[in-house]
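One structure is given here, and the rest of the page talks about it.
The values are calculated or read from the model by the stated rules, or taken from the named source; none is laboratory data. What you see is a predicted model; the values in this text were computed from it and never measured. Backbone-built Cβ (ideal geometry, glycine too); neighbour counts: all protein chains shown. Quick note on the areas: whole protein, heavy atoms, side chains included, nothing else; ligands and nucleic acids left out. Shrake-Rupley method; radii C 1.70, N 1.55, O 1.52, S 1.80 Å.
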Amino acid sequence: MSQSAAERYLRLGLQLGRHVEGIVDAYYGPPELAAAVDAKPPVDPQALVAEAEALLGELEDGWLRDQVVGLRTYAGVLAGESGSYADEVEGCYGVRPTHTDEAVFVAAHERLEELLPADGTLAERHERWEASSRVPAGQIERVLAAVIEEARASTGRLVEQPDGEGVDLEIVRDKPWWASCVYLGALRSRVSVNVDLPLAAIELLVLAMHETYPGHHAERCCKEHLLVRGRGRGLLEETLVLVPSPQSLVAEGIATLAPSMLLEGDGGADFAAIVHDAGVELDLDHALAVRRALEPCRWAEVNAALMLHEERASEAETKAYLERWGLMTPDWAAHMIRFFSSPTSRTYIVTYPAGRELCRSYVAGEPERFRRLLNDQLRVRDLLEAQTDEL
């Protein structure tokens, strides 16, 4: 029996995942399809390119076609196709990375100078400010669990969550990422937090909401409930979460915007109280102002990735750039170099600032639009067009 376009996409995605661990972030589709892929040797990447191109030739413009373009792009990289780093990013995520002028970072630094007055360089002041509200390593798991539970309740007032959903929290070390949310299907996620690097209180709050409610876990639950299980929908393609695809940019945009949906306004006090109960002082309004001032500096990370992969800058030069313009500590900058160098995340960095800007522009302060991001199958093109309309 011939397979549907969605089934062919799932099979191709799973076959791609046999080559690089972590490229398939989640799969909760038909188990027999995954079993059939696992039972055979990995398919040659050139064959995956050919199959993806054949599928593209049959698909109409839409969400699934966007996903197959990302899949075909990454398969081409594995097959040894030559192309620029920017071409690879654009093919995977639907946006093209460009160099951000350092004047943007200068302006952000000037605002931070006002928010963090003290002696020393701005980087030193920022590091001291973060250190002043770090959560003790032994309390991170307990505080995270409490924040996640409060975020779950707050998200329930923003968007309906299906019955039976939930997350399992684990603490990990020695990972190239800071945190991850692996969706397990059946409305459950495993959230892992890497504690190799210290966590300031505001970063702990943001991380918890980014990964769980109303971020990654909430999105996947809503979409499984409404798009996969929902009456008359049955969108099988949603059961695969493929890293190098436009789906990731939208997901990271949602998750990066998620904390502001809960922390800005009256609800923020409840989260600050959880931190205070752990003996950590936090001026939430000031911390949020510092984070907003820092947001443009996320584009320094995209610049750094372009330096490393397109301009062939050394790791030392790239690390120095991150420390200067991204105001990162040496440890954080080294962590980012590792992230840029991992096969699963070398192009991924653009999803954070680009996703945030596109989703924020789309939502424009309207909770109903944020709910639509969580519930509907929106394309990167939809967000780009909404941004153009605003301009």
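Listing for the model above:
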read-out	value
Net charge over other residues, Cβ less than 9 angstrom from the Cβ of H309 (K, R count +1; D, E count -1)	-1
Tilt relative to the chain, helix 5-17 - C-alpha long axis, 0 to 90 degrees, to 10	60 degrees
Approximate spin-label separation E385-A79, in nm, with each point projected 7 Å along Cα-to-Cβ	3.0 nm
Value of relative contact order over the stretch 163-299, rounded to a whole percent, pairs C-alpha under 8 Å and six or more apart	19 percent
Centre separation in Å (Cα based) which lies between the stretch 109-145 and the stretch 20-60	44 Å
Whole-number percent relative contact order across the stretch 297-390, with pairs defined as alpha carbons under 8 Å at least 6 apart	23 percent
P(r) tail fraction, the stretch 153-196 - alpha-carbon pairs more than 18 Å apart, %	41 percent
Solvent-accessible area, 1.4 Å probe, carbon plus sulfur percent, for the stretch 47-141	49 percent
Per residue, in Å², the accessible surface of the chain once ligands and nucleic acids are set aside, probe 1.4 Å	44 Å²
Volume per residue of the C-alpha convex hull in the stretch 62-174, rounded to whole Å³	265 Å³
Projected-area average for the stretch 181-336 over all orientations - Cα convex hull basis, square nanometres	11.3 nm²
Under-5 Å amide H pairs with V20, H placed in peptide plane, nonlocal only	none
For the stretch 124-163, convex hull volume per residue from C-alpha positions, Å³	98 Å³
Of all accessible heavy-atom area on the stretch 184-338, the percent that carbon and sulfur account for (1.4 Å)	49 percent
Mean separation of Cα contacts under 8 Å (6+ apart) over length of the chain, as relative contact order %	22 percent
Kirkwood Rh (inverse of mean 1/r, distinct Cα pairs), the stretch 93-252, angstrom	18.1 Å
From phi via Karplus (6.51, -1.76, 1.60), per-residue ³J(HN,Hα) for the stretch 289-297 in Hz, x at Gly/Pro	5, 5, 5, 5, 5, 7, 3, x, 6
Surface accessible to a 1.4 Å probe, R338 within the full protein complex, Å²	100 Å²
Accessible-area order (highest first, 1.4 angstrom probe) of the listed residues L236, L383	L236, L383
Over 12 Å [Cα-Cα, the stretch 288-339], rounded percent	60 percent
Convex hull volume per residue in cubic angstrom - Cα atoms of the stretch 198-259	82 Å³
Rg [Å, one decimal], Dmax [Å, integer] - the stretch 309-391, C-alpha atoms	16.7, 45
Accessible area of K319 in the full protein assembly, 1.4 Å probe (Å², nearest 10)	60 Å²
Dimensionless Rg/Rh of the chain - Kirkwood Rh, Rg from C-alpha atoms	0.96
